[in-house]
Structure formats: C-alpha cells, structure tokens
Amino acid sequence: MNSLHLKSFIRCKRKAWLDFKGKKSYEIWSPHKAIDKINQFQIFSEFCNSEIYTGLKACENGYQGVIGLKLRGNLFQNINAEIRPQLLVKTKGKSKWGQYKYLPAVYKLGHKTTKEHLFDLAFSSMLLESFQDSKIEKGLVISSFDKKVNVEEIDLNKKLRKKVLNVLLSLNECLEGFMPEITQDRKKCTICSWQKFCDKESKENGYLTDIDGIGSKTASLLISNGISDTQTLASYSEKKLGETLSKFKDQKYEKASLFVKQAQAYISGEPYRISNKNDTNDLLKKTFSGFYIFDIESNPDDKHDFLYGFLKINNLFTKKEDLIYEPILNLKKNKGESYRKIIEILFSQKEWPVLHYGETEKVAIINIAKNLNFSFEEIDSLASRFIDLHIFIRKSWILPLKNYSLKSVSNWLGFQWMEKNASGSKALYWWIQYQITENEIFLKKIIQYNKDDCFATLQIAEYLIKNQLKKN
Ligand code: SF4
C-alpha cells in the first residue's frame, strides 16, 4: 500500500481497493487529478523560490524542495508500505546528509485542512524519519489564497500517528479482502475516476441512491422501512411512502410522489410529464421571435470566467450549421473589452430572452452589469431576460436519468460532444494548459467544447418547446 491508497481510502474504501486491484481499463482519466498536480507544482515552486528538484539526489544535494520521491519500508507486522511525499522541505536539523533535514509537506485546495492532509503527513513522516535518520516533529500544509502562499504547521504528535497506524491496518485488511460496497454518499462519486464502473453495478443492483434526490440518509430510511431497491420503490404506494417520509414535513407527499415516479422513469426508460402547461407555453411565446443561448466556462478556484459563448437563434427552423456562435475570451488583462462585447451582443436584440442551463450564467451577467455601474432597474430588466432551462426541465419533466446535469439530459436526447468524455473540468484543464503553453490547440478545444455546450442547451430547449407543440 502507498500514500495514494491511503488518500483514496479516507474518501471511499472501494476506491482504495479499485486503485490497488481494479482493472485499469475501467478507470477513466480524471482532469481533477491533473489540475491538482499542476496547481500543486506551481504553489510548491513559489514556496521554495523555484528551488525544486526530483529524487534522492536532490536530498543529498540539500535542495530546498524535493518532489517525486518514493520510499519503501516496513511499517509493522511485516506490512510493506510506500510513501510518496508530495513535497519535502529543507529545514534546520541534523540528518544522514548533514546539518539539515526534511519535513513532509502537502498541498491543500480550499480552506479546510482535512484528515486527508493530516494522515498523509503523518504517514510520510513515519518512513521518512528512519530514512533520513532524523526525527520529524511537524509537517506543512501549503495552500494559496488570493495569489498568496499560505503555510500551516501540523504537529505530528503521538495521538495522530497512532490514529494513522490504525487506519493503515484497516487499509491493509481492505486491500487484501473482497471489493467493498459502493459508498452510500454518492456525492463523492462525481469526481471519481471509477464512476462509470460503479454506476453500472449500482444500476444493476437497483441502489436507491441512483434516484435523483435520494441521498444516503433517505436511502437508509427507506431501507429500514422495507424499500430496499429502486424496483420496490417504483411499485410502492405514494401515499404510504409519504407517511414514511415524515422528515420532509409539509413536502412529504410531494417528495413521495417524485421519488416513486422518478424510480418508475429510471427503470422503464420513459420520461414522465409533470403538468405545468403555463410554464412551457411561456417559453414558447418568449422564444418565438428569437433568443440567445449563453454558456460560460470558468475556473471556480480562481473565481474567473474565462470564456463566454453566445449562440444566436432567429428561429427554431434555421439549420444548425447556419446559426451564429460567438465566443468571447476573458483574459484578465482585457476584462473591460470582453464585458463591453457581451453587453453589445445582449443589447443588439433587446427583447430576446437568454436561455442557459444552471444558475452560473445569470449570476455572472448580474456581476458584469454591477461592475459596469448599471442602475438597479437596468440590472433587473437584464436579469429578467434570463431563463434557466435546468429549473424549467425539472419543473416540467421527470426523466429516466440519475441526475439532471446538462450532459445527462442532452446525452439522453441524443446530443454528442465532439470530444469524447468532455466535461467542464476537462475544459478547465485545457485552459490551464493554454495559460502555461500558449498553444492555440488548447484554446480551440475549449471553444469547441463551449460551442457544444450551447448546442446541447439548444437541444433541450427544442425538446421542451416541441413537446408543448405536440400536446396542443
Ligand atoms: S465511484 Fe463512488 S463508490 Fe465507486 S470508487 Fe469512486 S467514490 Fe467509491
């Protein structure tokens, strides 16, 4: 076992097992991991004034920062372990190399220092101590806020080391045993490289957490009431289920009906129409004389929207290839210029609604308008043109899907992204690559991805509008 297995184990036991024994062909490349590595290297490099070198030789030469070291050793009871310290930082002391020693350091994204960071540091220190012949009292957690490097010192005391030893024992047991169950907390799965593999098994076994809106707590409540899988849920009485769901108080019957219908749709593969004729009618009327589709690509860690994409639709009968798509790149240095272009587009068709998927786009436009000193009334009138299709579809349809993300819904409608397995995080990865290399290929990929996002949103709009037309 190694540091990476420990990290995975803290998140999900099954992930640690799959990382160790799983068939690699079932694993999907994760842009999150790659983004993390790039950010990590940049911050470490800044922290060590660019004096970062790789491997054992770097320790012998006494460089300030050392990465890429793998150390093996015997932990206890003949358990072999390998540590892969993210970074070793030179400090005062005495070691086998001379009048200095190394401390382990880890990178932290966000504000919260978690078990993952503490355990990683403690685990690294255990093998590093004997390797460098020197005691390690503390480890470092390095992060960056507002472009400033932050360092937190962690006391690697006995209590923490004991805890880690116990976790390592359980990890060892887990890795030697059978594959653990899928985690109850499926939120963890969204950025996991084994997601596809686990999703397949979960659907085959009828896990309740596959049903939109059912988290681990609701699933346990249902199981304790004899509703153990999606099949049972789909054929359950809505009224009886409502009585069981007392934790949802006033909404309990509404939730019960949603859960049962969602389970029925999920199993049958058939969508279910919730009757709210007025809303869809409204969409039909509002978009009749033209509309925009708007989609943003952003870097949430940096709070930066790097690309705005507009698709102009004069009417739904225009051929797709004749539609005009306009990408607006938002480099930090030309912020004013991109804001001006966005407003220009929006005001070139003052009456047109702006269709988008999710809340980000509307929030971004309100912020831009504030930044440009628009009056309250102007902001209000601009914001009122935005129509969130994500809210719209959830209000009017129950779809045979696990979730209602842009990808899930439009894929179900038959839409395909040019790039296989494309995702927002992959676009972010390309953006980071573009900033480092200035290679236009990455920019082209991002723009194509954003264009596809716009067309995917259009496909959902067409579905909503055309189904309304059919009924009338
Ligand atoms: S997809 Fe979910 S259950 Fe499967 S390994 Fe990843 S986190 Fe665990």
Segment 293-319 and segment 387-449 have their Cα centres apart by a whole-number Å value of 11 Å
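Under the definition of Cα pairs under 8 Å and six or more residues apart, what whole-number percent is the relative contact order of the chain?
So the answer I get is 12 percent.
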Report, in debye and to the nearest 20, how large the dipole of segment 277-471 comes out about its Cα centre when Lys and Arg carry +1 and Asp and Glu carry -1 on their Cβ.
-> 560 debye
How would you rank 15, 350, going from fewest to most other Cβ atoms within 10 Å of each one's own Cβ?
-> 350, 15
Rounded to the nearest 0.05, what FRET efficiency do residue 169 and residue 201 give with R0 = 22 Å and r taken as the Cβ-Cβ distance? Could you check?
-> 0.20
Computed ³J(HN,Hα) along segment 236-245: with the Karplus parameters 6.51/-1.76/1.60, θ = phi - 60°, integer Hz and x for glycine or proline, the list is 7, 6, 4, 5, 5, 5, x, 5, 6, 8
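Based only on other Cβ atoms within 10 Å, what is the fewest-to-most ordering of 117, 5, 111, 32?
By the 10 Å Cβ count, ascending: 111, 32, 5, 117.
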Just in segment 368-472: which GluC sites (Glu not before Pro) are loop by DSSP and have at most 16 other Cβ atoms within 10 Å?
-> 419, 438
Using R₀ = 51 Å, calculate the FRET efficiency as 1/(1 + (r/R₀)^6) where r is the Cβ-Cβ separation of residue 84 and residue 249; round to 0.05.
-> 0.55
For the pair residue 153 and residue 323, the simple spin-label estimate (label points 7 Å beyond Cα toward Cβ) gives in nm 5.8 nm
Counted neighbours (other Cβ, 10 Å), sorted fewest up, put 153, 297 in the order 153, 297
If you take the beta carbon distance between residue 23 and residue 416 as r and set R0 to 25 Å, what does 1/(1 + (r/R0)^6) give as a FRET efficiency, to the nearest 0.05?
-> 0.45
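Please identify the trypsin sites (Lys or Arg not before Pro) of segment 298-327 that satisfy two criteria: DSSP loop assignment and at most 10 other Cβ atoms within 10 Å. Which are they?
Within segment 298-327, the qualifying trypsin sites (Lys or Arg not before Pro) (loop, at most 10 other Cβ atoms within 10 Å) are 303, 319.
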For segment 208-236 and segment 1-68, what is the separation of their C-alpha centers, rounded to whole Å?
-> 37 Å
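Taken together, the values in this text are just the output of simple stated rules run on the coordinates, not laboratory data. These numbers come from a predicted model, not from an experiment. Neighbour counts run over all protein chains shown; Cβ positions are idealised from the backbone, glycine included.
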